[in-house]
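Since every read-out is calculated from the coordinates, none of them should be taken as a lab result. Quick caveat: nothing in here was measured; it's all calculated off a predicted structure. Cβ placement follows ideal geometry from the backbone for every residue including glycine, while neighbour counts extend to all protein chains displayed.
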Amino acid sequence: MSKNGHTNAGTTRYRCTNCGASKSRAYDKQSNDLTVSLNWLLSNKTQDKYSYDFSARTLRRKNKLLWDLWPQVPFVDEVYDYIHVDGIHLGRKSVVLIAYSGKHVLGWYVARSENSRAWGYLMQRIAEPLVVVCDGSGGIRKAVKTYWPNTKIQRCLFHIGLNIKALTGVNPRLTPGKQLLSLANIVSDIKTENQARHWLISYNNWVNTWSDFLKEKSKYCDGSIADTHQRLVRAKSMIDRRIHEGYMFTFLSPPEDCTHPIPPTNNAIESMNSRIRAMLRNHRGLSLLKRIHAICWWCYLNTSKPRDKSWIVTHSFTSKRIEQLYRQAWERSNQGLSEVFGIPARYGTGVDWNEFHKSREYYQ
């Protein structure tokens, strides 16, 4: 192709040197605006410092498309040896649940809070892996049993250590607390079966040594009787539950089809989450909805094969379209049928004929 003058609108015309066909390339403004907005979002510069050829107001006008589009969550049909799952909390108002393969993002889901239902919506779009690495909170185990019944669970050993430290404190005064803190410090360093066996033996010796100490009771002013060393008792109960579950050392006995070593911690996805939080800090001041948008865009751009900007503009859902879909779904629900069309709901608000008419006389 070689340049061949301009069209009436001033666009450059190109001519094929082989067949002689001429064609002009249209300027895709929306794709260009989205490219500029995403480059700014992934940078650490403010709107004033990022704008070289245009003003900050022009950049905000270009960003309107960025804040209006929602990138599509991909379907994952590849079976992975292991998948990391975790959530990024945006205060107490929402959380973004993310699945990570160790190299790229597999999926994400925006929810009010971590629960089994929200995790289930995320897991339904991902093929069942052999092992899932998680911190074990927020209904993950229930969702795994429901949607990935054949998947083994590996609890993050680093999070287990943090849970123990939260109860013992970083500087315990008593000897039992100091010994339990030392066990918490080395639990995330376990790599072999001998190390795991040694840790379990050390913990069992700690329980036997301080069993009478942990059984001590105290009577309080209101007359109630409770454990004297409540935090240590809670730490012991928590460790006993983790051992009884059998999810602490799954990485030492991986499934037969597993071809890669299973990580004992969730450090990979925590590292990814730190980059997302750094992006939010670079652009602090965004509203809650825009922060959710930013996380979704970051996740999409870090998937295995993100599409080009023109495809994204054409196929992504807009906020208005999502509101229409939610409105249609609500109107078809029992509450929507009652409030919009006046149709009684199936349960709760309908008037039953038998409530005012009896088939026989009433005798007191």
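In order along the range 166-177, the Karplus-derived 3J(HN,Hα) couplings, from 6.51 cos²θ - 1.76 cosθ + 1.60 at θ = phi - 60°, round to 5, 8, 7, x, 7, 9, x, 8, 8, 4, x, x Hz, and Gly and Pro are given as x. Look at Ser22, Ser316 and count the other Cβ atoms within 10 Å of each Cβ; fewest to most, that gives Ser22, Ser316. Pairs from the list Lys103/Lys191; Lys165/Lys191; Lys152/Lys309; Lys142/Lys217; Lys103/Lys290 with a Cα-Cα gap above 28 Å: Lys152/Lys309; Lys142/Lys217.
Of the options (1) 0.98; (2) 1.13; (3) 1.22, only one is Rg/Rh (Cα atoms, Kirkwood Rh) as computed from these coordinates, and that is (2).
Working note: 222 nm ellipticity from helices only, DSSP H runs with n ≥ 4, each -39,500 (n - 2.57), summed and divided by the residues of the chain, gives -13500 deg cm²/dmol to the nearest 500. Within the shell defined by Cβ-Cβ distances under 14 Å, the residues around Phe213 carry a net charge of +3, with Lys and Arg each +1 and Asp and Glu each -1. Of the peptides 285-291, 77-83, 218-224, the ranking by mean beta-carbon count within 10 Å, highest at the top, reads 77-83, 285-291, 218-224. Beta bridges assigned by DSSP with both partners in the chain are antiparallel in approximately 75 percent of cases.
3J(HN,Hα) along the range 58-69, derived from phi through the Karplus expression 6.51 cos²θ - 1.76 cosθ + 1.60 where θ = phi - 60°, amounts to 5, 5, 5, 5, 5, 6, 4, 5, 4, 7, 9, 8 Hz, with x in place of Gly and Pro. The string of couplings for the range 92-109 from the Karplus curve (6.51, -1.76, 1.60, θ = phi - 60°) is 10, 9, 7, 8, 10, 8, 10, 10, 9, 8, x, 10, 8, 6, 9, x, 8, 8 Hz, one whole number per residue in order, with x for Gly and Pro.
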